[in-house]
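The structure appears below as structure tokens.
The values are calculated or read from the model by the stated rules, or taken from the named source; none is laboratory data. All figures in this text were calculated on a predicted structure; none of them were measured in a lab. Cβ atoms come from the backbone with ideal geometry, glycine included; neighbour counts cover every protein chain shown.
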Ligand SMILES: N[C@@H](CCC(=O)N[C@@H](CS)C(=O)NCC(=O)O)C(=O)O
């Protein structure tokens, strides 16, 4: 164990008030209230499914699923993917809030039936699509339950990796030992949970590739491949050999390679497809 440093001199006031600015990444879009900040309609394209998103790990879950569905021959999964620039506050438009009152990407509108159906929360979107197309979720109660166990595991665990470890290790204006130690401990514990599961299973929920893999891979797969927060060495990700074997296998899937590019506006320009309106945008 390393010695504690960064002893805090902060004493919370009796009643919290928002700071003018704290210099942290995303501080400019944080607000203590919900609801829209401005009136603006969302665009609507020609396909049944309208996705409003960005290629963060949560966004990638859904574009990977849509590309997997299309690769498996589900033509009803054709989609328009519109770019939502969260660092510019596009998630607070009235149109976006109508689709997701929580103002976070990804958000999906299914316009294939009479009344449009809104779907928000990446886990809910994955499950909705799996049920709609009867794909990537086992049909037995036991198999389906194990898949949902891991899907919900990711939805509960991911914020400790992203909002906890990633925020304090990569984004906070100061490097504070206490939160970095706390969340590094938890993330390594989570990686070990996956390591033990993947030691005995090809995919996270067993022998079948499911929405659980699609939810977990953009976070923990990217982490062990050293692509998240440049934290591979810090977290000694080489220790998790079964997670790495699984991450490499998923990364090589053509639909995953395609899905990761959709709504991407950072990194290698060849990997960036800011909006997707037809398969040709990715070919
Ligand atoms: N639990 C949500 C989390 C979504 C989320 O945190 N989205 C982030 C990007 S990865 C976002 O839109 N942030 C904008 C904001 O917080 O204003 C999900 O899985 O869909």
### Query
For residue 160, which of the numbered conditions (1) away from the ligand (no atom under 16 Å from the Cβ); (2) in contact with a helix residue (DSSP H, G or I) (Cβ under 6 Å, 6 or more places away or on another chain) fails to hold?
(1)
### Task
Report, by residue number, each residue of segment 165-181 that is assigned to a helix (DSSP H, G or I) and over 18 Å from residue 227 (Cβ atoms).
168, 177, 178, 179, 180, 181
### Task
Hand me the list of helices (runs of 4 or more DSSP H) wholly inside segment 186-283 holding 1 or more residues that are under 20 Å from residue 153 (Cα atoms).
211-216, 241-251
### Residues satisfying the stated conditions in segment 160-173, i.e. loosely packed, with under 13 Cβ neighbours inside 10 Å and at pLDDT 95 or above
163
### Query
Got at least one residue in segment 205-217 being at pLDDT 95 or above and more than 30 Å from residue 135 (Cα to Cα)?
no
